[in-house]
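Here the structure is laid out as structure tokens; the discussion comes afterwards.
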Amino acid sequence: LAQLFRPLDLLGMVYRTIRQGVIDMEAMYKLIDTPAEIGDAPDAPMLHTHGGEVRFEHVRFGYDADREILHDVSFTVPAGKTLAIVGPSGAGKSTIARTLFRFYDIQAGRILIDGQDISRVTQASLRAAIGIVPQDMVLFNDTVGYNIGYGRADATQAEIEKAAKAASIHDFIMRLPQGYATRVGERGLKLSGGEKQRVAIARTLLKDPPVLVLDEATSALDSRTETEIQAVLRNISRKRTTLVVAHRLSTVVDADEIIVLDQGRVVERGRHADLVRADGLYAAMWARQASERSEGDAEPAVVGY
Ligand code: ATP
């Protein structure tokens, strides 16, 4: 009977290997590649950052020509400040982050970093200036050290460990069977959502970009992990221009400005207290979350769902 099953085992292994290949390709695509239509102009200059002011001017964008997703979106995040983007599911929050990273070209308007139009500078220099901590990072099937160092080929082990310490993941890594040489990802040790996020934070710290995009997890981490990660994120965003795609209103209270998106339009903007006073969409979302919190929900609620 064992003889009979061996080919099936082999087939399963081949299938898993191929599937893994596909996942790796997707991971690469998400992290470093772009649709084919995005290219550098032959004489494109490098982006030169000094502070990292981010400015959206009357931006219009749709993934498909016949369906506009962002309608005339404008905002400025001064160098070193934090903008929180909130709004119901599908409002276009992540789309703003994707257009800033130039995964797609916009159809009208301009996106500027320190006064330079991002569609005119080299993509490599643009990507080097922006660090993204995504909702759910796909890890490379490699060591945890490699996953942290990815994007900074010249990083030394000491630098990798320093970043891991700042992201509060060093102690966890030291407890793994082979420390920094432990293999992670689909073929290795599976990390939890919170651990993956810390790896992403460590990677971003190592890259040390002037602009930071934090795409907050929709899936709730346990409250303690959540609080720890929030503290680390607050720390790393302190000196950088930060855009937070926020799903929990509790994280936006301290933002320098909040924009409320609804169906691709900025419908409200201001600081937390102003928006609560304005008694509009934000105030309604805040009231809903506040009542959920007081009902004793262990997990923080998700904005606008
Ligand atoms: P959530 O809070 O649920 O993450 P969001 O506000 O971040 O939502 P986006 O992911 O920016 O919303 O999506 C905005 C709109 O764009 C949605 O209607 C979505 O269906 C559409 N969209 C997102 N990605 C694509 C894509 N790759 N191709 C086509 N349409 C897309």
Q) Among all lysine pairs in the range 142-247 that are eight or more places apart or on different chains, how many have alpha carbons less than 21 angstrom apart? A) 9
Q | Inter-label distance, nm, simple model (7 Å from Cα along the C-beta direction), residue 228/residue 103 | A | 2.8 nm
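Would you mind working out the magnitude of the charge dipole of the range 115-179 relative to its Cα centre, with +1 at each Lys and Arg C-beta and -1 at each Asp and Glu C-beta, to the nearest 20 Debye? It would help to have the intermediate numbers written out before the result.
On the way: 6 positive and 7 negative charges, 19 e Å.
For the range 115-179, the charge dipole is close to 100 debye.
What shape does the range 172-276 have by the C-alpha gyration tensor, where a ≥ b ≥ c are the square roots of the eigenvalues, rounded means a/c under 1.5, and otherwise prolate means a/b greater than b/c and oblate the rest? Intermediate values should be presented prior to the final figure.
Working: a/c = 2.45, a/b = 2.09, b/c = 1.17.
Here the range 172-276 falls in the prolate category.
The numbers here are math on the coordinates, done by the rules we state, and not lab data. As the structure is a prediction and not an experimental result, all values here were calculated from the model. Heads up, the Cβs are rebuilt from the backbone with ideal geometry, glycines too, and the neighbour counts pull from every protein chain shown.
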